[in-house]
Amino acid sequence: MPGEAVTARSPFDPAVHRIGRVLCFTAHPDDVDFGAAGTVASWTAAGIDVSYCIMTDGDAGGFDPQNRSEVTAQRVAEQQAAAALVGVTDLHFLHQRDGYLQPSDDVIRGVVRLIRELRPDVVLTMHPERNWDRLQKSHPDHLAAGEAVTRAVYPAVENPFAFPELAEAGLEAFKVPWLWLMAGPTERENHFVDVTGHVEDKLSAIHVHVSQHPDIQGMDRSVRTMLLQNGERAGLEQGRSAEAFHVVRVNGPATIAGF
């Protein structure tokens with residue numbers, strides 16, 4: 001586990017808890033890069049296996065009214081290239097329609113299937129609670145992704161009688177240790193990861209999503225400012241950058257402090 005994690009009221013202690021595999025679920029291509037690419041880069045650099053699952057095809061994204069039929073293929077290719085820049089090569093797509101994602105039984109089943117297949121130590125996803133300070137963080141698809149994954153993590157993934165067809169296919173119940181949520185309400189954030197050494201990796205991954213960013217320089221400034229502000233909130237030295245999460249212990253080992 002990278003030694004660059006900083007905790008604040010967090011149940012996860014990087015000095016104690018170890019991660020070997022992470023599975024990230026996001027609503028759209030580029031969500032994981034804005035929310036967690038620096039952390040992902042630190043994980044893969046430390047030898048941790050990270051997989052992505054993108055729940056929609058991002059077909060409603062972009063600004064070009066022409067060639068809409070090509071948007072899905074472009075966004076898939078962008079996400080694959082961005083993932084490779086931070087050390088991720090295992091990508092999965094649920095192929096839901098952009099703007100219409102719901103925590104339906106079919107979507108939850110797909111999430112349960114993948115978690116049971118990969119059996120990660122950490123499931124990372126969007127936050128299911130709306131952020132009223134910056135509503136853009138709370139796209140309805142983001143909320144739906146967070147809700148679907150949270151419902152899957154508990155109780156469906158660990159319930160042997162939920163989706164019995166999965167168990168019959170050999171995908172046995174599994175208890176997820178940790179749930180990490182991103183892009184949620186600020187007051188929920190309890191864990192910060194120092195990503196100072198991976199800011200350029202994060203920005204490089206974001207830059208790949210050229211279909212989504214008409215103002216690259218403005219986006220860069222915004223992301224750098226956000227990371228520095230997170231660093232300040234985390235209590236890091238001035239000039240250091242961090243990504244923020246709401247970490248929930250689901251079945252992970254408790255710390256001495258009693259979490």
Seminar exercise, completed: Each label sits 7 Å from Cα toward the beta-carbon; between R97 and K175 the label points are separated, in nm, by 4.0 nm
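Among V123, V88, rank each residue by its count of other Cβ atoms within 10 Å, from fewest to most, as a rough exposure measure. It would help to have the intermediate numbers written out before the result.
Details: V123 27, V88 24.
Final ranking by Cβ density, sparse to dense: V88, V123.
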Exercise. Using alpha-carbon pairs under 8 Å, 6+ residues apart, how would you state the relative contact order of region 5-249 in percent?
Worked result: 27 percent
Exercise. Can you list the residues, at least 5 places off or on another chain, whose amide H is less than 5 Å from the amide H of D90, using H built in the peptide plane?
Worked result: Y52
Problem set entry | Fewest-first sequence of S42, S211 by Cβ atoms within 10 Å of each Cβ | S211, S42
Seminar exercise, completed: The simple spin-label model distance between H207 and R21, using points 7 Å out along Cα→Cβ, in nm, is 3.4 nm
For this session: At q = 0.26 Å⁻¹, work out log10 I(q)/I(0) for region 187-259 with the Debye formula, treating every Cα as an identical point scatterer and leaving solvent out; two decimals please.
Result: -1.13
Exercise. For Rg/Rh (Cα atoms, Kirkwood Rh), the listed values are (1) 0.95; (2) 1.00; (3) 1.09; which was obtained by calculation from the structure presented?
Worked result: (1)
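How many percent of DSSP beta bridges within the chain run antiparallel, rounded to 5? It would help to have the intermediate numbers written out before the result.
Working: 11 of 31 bridges.
Around 35 percent antiparallel, to the nearest 5.
Would you kindly calculate the mean projected area, averaged across all directions, of the convex hull enclosing the Cα atoms of region 10-60, in square nanometres? Can you show the working numbers first?
Numbers: hull surface 16.7 nm².
If I average the Cα hull's projected area over directions, I get 4.2 nm².
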Seminar exercise, completed: So, over other residues within a Cβ distance under 12 Å of C24, counting Lys, Arg +1 and Asp, Glu -1, the net charge is -3
Problem set entry | the chain - charge dipole about Cα centre, Lys and Arg +1 at Cβ, Asp and Glu -1, debye rounded to 20 | 520 debye
Problem set entry | Estimated distance in nm for a label pair at E237 and T186, the labels positioned 7 Å out from Cα along Cα-to-Cβ | 2.6 nm
Exercise. Could you give me the ³J(HN,Hα) list for region 49-54, computed from phi with Karplus coefficients 6.51, -1.76, 1.60 and θ = phi - 60°, whole Hz, x at Gly and Pro?
Worked result: 7, 10, 10, 10, 10, 9
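No value in this document is a laboratory result; all are computed from the given coordinates. In this text, all values refer to a predicted model and were calculated from it rather than measured experimentally. Positions of Cβ are backbone-derived with ideal geometry, glycine not excepted, and every protein chain shown enters the neighbour counts.
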